[in-house]
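Worksheet: the structure to be examined is printed underneath.
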Amino acid sequence: FPVTILMITKDLYDYLKNEIDLRVSINKEYDIDVRSRSDAQIAEELIAKKIDCNYTKGGKSQTYDFYYSPPEYVKYKRLELKELLDRFKAVNFKGRAGDKIINDEVPSEITINNTKYSLGIGGIHSTESKRAIVIKDDELLIDIDVVSYYPSIILNNNYAPAHLDKEEFLKFYRQIYNERIEAKKRGDKVKANVYKIILNGSFGKFGNRYSRLFSPDLLIHTTITGQLSLLMLIERLEEQGFSVVSSNTDGITVHFKKADYDEFLILVKNWEKETNFETEETRYKALYNQSVNSYIAIKEDNSLKCKGLFAGSELSRNPAIKVCKDAVFAYLLEGKNIEDSVYNTPLEPTNFLMVRKVKGGGYWQEKYLGKIVRWYWSTNGTPIYRKLETVELKKDGTQKVNPKVADTDDAYPIMNLKDELININYEKYIAKTYDAIVTG
């Protein structure tokens, strides 16, 4: 093999070494070869090995017909929240294993004071965008996360897949939960990560209609209970004058005066006692949101927590435009001018690169690029299009327009990263950076 390919392969191995080592350790302990399996697939295999899964994988004959039944602790003071609970309880989830678990009657949102929350079958989310919160000397900005939220809900409420032995499942699930805590305490990261995969990976399979663990009843009861439980805490904090500025599946962020911290702590601890949850606290100096899932948080020790657009590069996702991300960081953290940051970025292709997988392959100026296309914005650029195998007509007889690949206006392909950049469209990168700025 060429030396370059071998170097890339080694770099890839080094990047994935922890994931590989983790799978090797699972193989040794459980005698299951999971080297090519995702986290969710690993969880399914391990649970199936320990517990008899009498539901045929991929089967569609199993039906479900149930209503949501909340835990007894779910109670509210506000009329709109009481009505929300009644609406969740009135939804009839009904179908076959091959159906998607969707019901249009599921409540979709609620507003508490000035904050709107998005609800549904998934987790609760607030809806903030382009917002900056920088605390003053007499203020606190605290992020509260529930430890192992979904696994805790399952164990606290004795939820289990209907087709599995309930006692056996909960015994195994609780054993894994407790052993993960013990592994973390003694610093055994490998074991802790194995148990984390079983707990969190299995949850994805509860909603997969092709999985042996498919359990819509368990999925719905867990996710809805998670949302309603957080709404209890949100209501109590807002009632006492605390400002809940964000919520995302398993936690909330609260902005308030330092003098009120003891009262805040009492409210949280009382909620923990009632719900049997445990929370972890992280203090921020500032929070910059592009959206609820895309933000930069500056912690008290000046370290960063970044999500979405601002997160580090991962193999599992398309890379964010590095020049824009770096310019945002420089602006927010150092006060640097956006235009200066963009214009002074080194002319390395990876700084300006965009990547996307294109079903059927991408075409640029009638030249086939492949199913993975890479490009940058150039003043000489033109759009990249998806190939249409045949001429398609609309109902009115007119021809469908060949669809463009997203964000490829002014695109110039760079399939070989050794190629030079030609006439970079700096103005477009600057505009994109301003669009991402979270202080609007």
Output for the stretch 231-266, where each listed residue is within 24 Å of the chain's Cα centre (by Cα), open to solvent by 10 Å² or more (accessible area, probe 1.4 Å) and farther than 18 Å from Ser129 by Cα: Asp250
Residue hits (the stretch 212-226; out of contact with any Gly (no Cβ under 7 Å at 6 or more places or on another chain) and within 20 Å of Asn276 (Cα to Cα)) are Leu218, Ile220, His221, Thr222, Ile224, Thr225
Considering each residue of the stretch 275-292, count those that are open to solvent by 70 Å² or more (accessible area, probe 1.4 Å) and within 24 Å of Ile154 (Cβ to Cβ), and give that number. 4
Scope the stretch 328-382; condition surrounded by fewer than 18 Cβ atoms within 10 Å (Cβ to Cβ) and among the charged types (D, E, K, R); matching residues: Glu334, Lys336, Glu339, Asp340, Glu348, Arg356, Lys357, Lys359, Glu366, Lys367, Lys371
Criterion first (of a type in the set (Asp, Glu), at pLDDT below 90 and not in a loop (DSSP other than H, G, I, E, B)) does Asp435 satisfy it? yes
Residues located in the stretch 295-304, provided they are free of Cβ contacts under 8 Å to residues at least 40 places away in the same chain, part of a strand (DSSP E or B) and either crowded, with 18+ Cβ neighbours inside 10 Å or at positive phi (or both): Ile298
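Conditions tested, residue by residue: (1) under 17 Å from Asn276 (Cβ atoms); (2) hydroxyl-bearing (Ser, Thr, Tyr).
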residue: Ser148; (1), (2): yes, yes
residue: Ile181; (1), (2): yes, no
residue: Arg209; (1), (2): no, no
residue: Leu228; (1), (2): yes, no
residue: Glu235; (1), (2): no, no
Check on Lys285, closer than 24 Å to Lys75 by Cα and of a type outside the set (S, T, N, Q): no
If you go through the stretch 330-343 one residue at a time, do you hit one that is in contact (Cβ under 8 Å) with a residue 40 or more places away in the chain, touching a strand residue (DSSP E or B) at 6+ places or on another chain (Cβ under 6 Å) and farther than 28 Å from Pro403 by Cα? yes
Does any residue of the stretch 194-213 turn out to be in contact with a helix residue (DSSP H, G or I) (Cβ under 9 Å, 6 or more places away or on another chain) and without any contact (Cβ under 8 Å) to a residue 12 or more places away in the chain? no
Is there a residue in the stretch 175-182 that is open to solvent by less than 50 Å² (accessible area, probe 1.4 Å), in contact (Cβ under 8 Å) with a residue 60 or more places away in the chain, closer than 23 Å to Pro71 by Cβ and in a helix (DSSP H, G or I)? no
Taking the stretch 338-362 only, how many residues are of a type in the set (D, E, K, R) and either in contact with a His (Cβ under 9 Å, 6 or more places away or on another chain) or in a strand (DSSP E or B) (or both)? 3
Residue under question is Lys130, and the condition is that it be in a strand (DSSP E or B), of a type in the set (Lys, Arg) and open to solvent by 50 Å² or more (accessible area, probe 1.4 Å); does it hold? yes
Of the conditions (1) assigned to a helix (DSSP H, G or I); (2) open to solvent by 10 Å² or more (accessible area, probe 1.4 Å), Gly187 satisfies every one except a single condition; which number is it? (1)
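Any residue at all in the stretch 338-345 that's among the acidic types (Asp, Glu) and modelled with pLDDT of 95 or more?
Checked against the condition, which is being among the acidic types (Asp, Glu) and modelled with pLDDT of 95 or more, the stretch 338-345 yields at least one hit.
Yes/no per residue for (1) within 21 Å of the chain's Cα centre (by Cα); (2) modelled with pLDDT of 90 or more; (3) closer than 26 Å to Tyr210 by Cβ:
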position: Glu72; (1), (2), (3): no, yes, no
position: Glu83; (1), (2), (3): no, yes, no
position: Phe88; (1), (2), (3): no, yes, no
position: Gly95; (1), (2), (3): no, no, yes
position: Ser126; (1), (2), (3): yes, yes, no
position: Lys136; (1), (2), (3): no, yes, no
position: Glu139; (1), (2), (3): no, yes, no
position: Ile144; (1), (2), (3): yes, yes, no
Out of the residues in the stretch 231-248 that are in a helix (DSSP H, G or I) and either among the aromatic types (Phe, Trp, Tyr) or touching a strand residue (DSSP E or B) at 6+ places or on another chain (Cβ under 6 Å) (or both), which is nearest to Asn114 (Cα to Cα)? Glu238
Determine which single condition Leu287 fails, assuming it passes every other condition in (1) farther than 21 Å from Pro107 by Cα; (2) part of a helix (DSSP H, G or I); (3) in contact (Cβ under 8 Å) with a residue 40 or more places away in the chain. (2)
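The values are calculated or read from the model by the stated rules, or taken from the named source; none is laboratory data. This is a predicted model, so every value here is computed, not measured. Methodologically, a virtual Cβ is constructed for each residue, glycine included, from the backbone with ideal geometry; neighbour enumeration extends over all protein chains shown. Remember, those area values only see protein heavy atoms, side chains included, never the ligands or the DNA or RNA. Shrake-Rupley method; radii C 1.70, N 1.55, O 1.52, S 1.80 Å.
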